[in-house]
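Structure first, then comments.
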Amino acid sequence: MTEKLALVGIGKIARDQHLPSIYANPDWSLEAAVSRHASVDGVEHFEKLEALLEARPDITTISLAIPPQPRYEYAAMALKAGRHVMLEKPPGQSLAECFALEELARQNGVTIFATWHSRYADCVPDLKAWLAERTLKNLAITWKEDVRRWHPGQEWIWEPGGMGVFDPGINALSILTEIMPYRVHLREATLEFPENRATPIAAHLAFTDPQAGSELTAEFDWRQEGPQTWDILIETDRGSARLSHGGERLEIDGELVKQGANHEYSNLYARMASLVRAGESDMDLSPMIHVCDAFSLGRRLITDPFEF
């Protein structure tokens, strides 16, 4: 059965990823869009979510592709109206908000899905299976990109709740928490804040491995021009692996074993459809816990001002 869906927030990520994935999936019918400044051709438009909820009780699912700061208000409104909710990452601007939304979904008997699109990259399951049969020695994440290229003029990312460089960095942390066969926790962090911004532009993280005693680190930076870097390098007792291109490419012991493509958002919408059919929810918050710990434990350094 096809579910009727409304997309809230018609920005860059919605047009680049959400809309093509919705249109390509027969489980979904895009019935409406909600945005103050943009619309989708051929789709009913609303400026406010409350207007859509009142006018279209037949729409069962709301997908939120808006910044994290207003997301709780929108998600809570939809859940209280008995609609299933799909959350763009990060699922909120605080853990408390996310726990509250999870409880609202339970109270109203609907599905809520905290999406982590990088977990659904083509090579992540292969790396997870490979690592499960080995003992980890070292793991190093390098996630460096150009904020001007990927978030042009988006001031919300520099405001409290916007997470700064952790907006992309949480993608790497979502892969880390997916592939590890056990939990690790953050030991220390250094966060670089532009002197004119409220969120960091770079972060340096070190994790404690309670089982293998291995070295786990992550380097996030939003100042990289030219080629972009989304890599995870792993050394084990039986070989090494490199996950690159954000999870689309996997090398084992220096040899390419899989070259995937960008299917992340298509996989997210397939997962959402299966959750709705099963009457289940998925609110794993482990990547966000690491981010919150980084802000709690992080040593703050002030760096050069940033302007778009």
Problem set entry | Span from the region 17-81 Cα centroid across to the region 171-216 one, whole angstrom | 33 Å
Exercise. What percent does the relative contact order of region 3-114 come to when contacts are Cα pairs within less than 8 Å and at least six residues apart?
Worked result: 24 percent
Exercise. For region 3-114, what is the per residue volume of the convex hull drawn over the alpha-carbon atoms, in cubic angstrom?
Worked result: 91 Å³
Problem set entry | Potential lengthening between residue 51 and residue 73 on full extension [0.36 nm per residue; Cα-Cα distance subtracted] | 6.5 nm
Problem set entry | Extension gain (nm, one decimal) between residue 16 and residue 107, 0.36 nm per residue minus Cα-Cα | 29.4 nm
For this session: Taking the Cβ of each residue in 74, 269 as the centre, tally the other Cβ atoms inside 10 Å and list the residues starting with the fewest.
Result: 74, 269
Exercise. Of 125, 29, 100, which is farthest along the charge dipole of region 1-141 in the positive direction, counting Lys and Arg as +1 and Asp and Glu as -1 at C-beta?
Worked result: 125
Seminar exercise, completed: Exposure proxy check on 199, 135: fewest-to-most Cβ neighbours within 10 Å is 135, 199
Exercise. Once you charge only the Cβ atoms, +1 for Lys and Arg and -1 for Asp and Glu, what is the size of the charge dipole of the chain about its Cα centre, to the nearest 20 debye?
Worked result: 320 debye
Exercise. Counting other C-beta atoms within 10 Å, which of 99, 306 has the fewest, and how do the rest follow?
Worked result: 99, 306
Exercise. Among 18, 147, 204, which residue has its Cα positioned farthest towards the positive end of the charge dipole of the chain, with +1 placed on the Cβ of Lys and Arg, -1 on the Cβ of Asp and Glu, and the dipole taken about the Cα centre?
Worked result: 18
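Every number here is computed from the coordinates shown, using simple stated rules; none is lab data. It should be emphasised that the depicted structure is a prediction, and the values quoted were computed from it without experimental measurement. All Cβ positions, even for glycine, are placed from backbone atoms using ideal geometry, and neighbour counts span all protein chains on display.
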